[in-house]
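The values are calculated or read from the model by the stated rules, or taken from the named source; none is laboratory data. Keep in mind the model is a prediction, meaning the values are calculated, not measured. Here the Cβ positions follow ideal geometry from the backbone for every residue, glycine too, while neighbour counts run over all protein chains shown.
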């Protein structure tokens, strides 16, 4: 399917690996000039991006600066994908509400909610001028918070509602805003033994490979497998394109059938 987005531009946050890298690769393959933003720029991102920028998007200054750099690199922003999220696994407490300090709540909301707020506000004048589109990457944890680090699901729930608010305001002005909510994805967040998945395995006293093998059953994934980053990227590319012209303010779940309610 020709998505008709060749020659457009996109800013993708959290683009160095996992879902973000898959989105950057997919858009670049469609002929989009991608500016990829991440705390650490990887060779894989540099290979596909028109510009790759190292930035801390959990700060307002970082979010504003990446938009300035994107505008300088590609001349304007048609598409914004607010993908950055989760957080540094080394800084996470996996306990309950009483185990978690204020700092974790602040980090979770800065990275998973306010990064999108700040980046969107800075990029919006260009997106409005070009009648572009925005996709926010949320999570099914916004609907089912059990099992996620304290603060993560709450921040993602706010991000999903932020997309709804933006859509109501911007749809009459020619800008579409949608949300994509993945379930458990086979990204480095889970597959890297030194990442969040490794921390969870250690907390349960099991091997990392055993953890990965048991995730579909533990989460009740109907498909019996984890979602691949490229599958999420395909959905994002479609939502950015004119093929999705009548899709506004929707939250698109891609979880292999994890959620059992409408």
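Can you list residue pairs whose Cβ atoms sit under 8 Å apart, with the first residue in segment 86-108 being over 22 Å from residue 14 (Cα atoms) and the second being at pLDDT 85 or above? Count only pairs 6 or more apart in sequence or on different chains.
95/150; 96/150; 97/150; 99/150; 100/150; 100/151
Would you mind listing the helices (runs of 4 or more DSSP H) fully within segment 169-230 where at least 2 residues are under 21 Å from residue 17 (Cβ atoms) and at pLDDT 85 or above?
Once the helices (runs of 4 or more DSSP H) in segment 169-230 are filtered for at least 2 residues that are under 21 Å from residue 17 (Cβ atoms) and at pLDDT 85 or above, what remains is 208-219.
Out of 148, 138, which single residue is at negative phi and touching a residue at least 40 places away in the same chain (Cβ under 8 Å)?
Just a single option satisfies the conditions, and that option is 138.
Between 153, 133, which is without any contact (Cβ under 8 Å) to a residue 40 or more places away in the chain and either buried (at least 21 other Cβ atoms within 10 Å of the Cβ) or not assigned by TED's automatic domain parsing to the domain that holds residue 39 (or both)?
153
Does segment 239-254 hold any residues that are in a helix (DSSP H, G or I) and surrounded by fewer than 18 Cβ atoms within 10 Å (Cβ to Cβ), and which are they?
242, 243
Could you list, in sequence order, all residues of segment 162-176 that are under 16 Å from residue 115 (Cβ atoms) and more than 13 Å from the chain's Cα centre (by Cα)?
162, 166
Does segment 115-127 contain at least one residue that is surrounded by fewer than 20 Cβ atoms within 10 Å (Cβ to Cβ), in contact with a helix residue (DSSP H, G or I) (Cβ under 9 Å, 6 or more places away or on another chain) and closer than 23 Å to residue 194 by Cα?
No: segment 115-127 contains no residue that is surrounded by fewer than 20 Cβ atoms within 10 Å (Cβ to Cβ), in contact with a helix residue (DSSP H, G or I) (Cβ under 9 Å, 6 or more places away or on another chain) and closer than 23 Å to residue 194 by Cα.
Could you please let me know if residue 125 is in the same structural domain as residue 17 (by TED's automatic domain parsing), in a loop (DSSP other than H, G, I, E, B) and either more than 22 Å from residue 252 (Cβ to Cβ) or in contact with a strand residue (DSSP E or B) (Cβ under 7 Å, 6 or more places away or on another chain) (or both)?
No, not satisfied.
All but one of (1) under 24 Å from residue 190 (Cβ atoms); (2) more than 19 Å from the chain's Cα centre (by Cα); (3) modelled with pLDDT under 95; (4) in a helix (DSSP H, G or I) hold for residue 105; state the number of the condition that does not hold.
(2)
Exactly one condition in (1) at negative phi; (2) surrounded by 16 or more Cβ atoms within 10 Å (Cβ to Cβ) is not met by residue 47; state its number.
Going through the list (1) at negative phi; (2) surrounded by 16 or more Cβ atoms within 10 Å (Cβ to Cβ), residue 47 breaks only (2).
Among the residues of segment 209-226, is there at least one that is touching a helix residue (DSSP H, G or I) at 6+ places or on another chain (Cβ under 9 Å) and closer than 21 Å to residue 113 by Cα?
No; the residues of segment 209-226 include none that is touching a helix residue (DSSP H, G or I) at 6+ places or on another chain (Cβ under 9 Å) and closer than 21 Å to residue 113 by Cα.
Filter segment 215-234 for residues that are within 19 Å of residue 34 (Cβ to Cβ) and crowded, with 20+ Cβ neighbours inside 10 Å and give the result.
Across segment 215-234, the qualifying residues are 229, 232, 233.
Evaluate the following for residue 17: is it in contact (Cβ under 8 Å) with a residue 40 or more places away in the chain and more than 21 Å from residue 237 (Cα to Cα)?
The answer is no for residue 17.
Take the residues in segment 74-90 that are surrounded by fewer than 17 Cβ atoms within 10 Å (Cβ to Cβ) and farther than 23 Å from residue 230 by Cα; name whichever of them is modelled with the lowest pLDDT.
90
Checking the conditions here, which among 67, 84, 53, 34 is assigned to a loop (DSSP other than H, G, I, E, B) and not assigned by TED's automatic domain parsing to the domain that holds residue 190?
That would be 84, the only listed residue that is assigned to a loop (DSSP other than H, G, I, E, B) and not assigned by TED's automatic domain parsing to the domain that holds residue 190.
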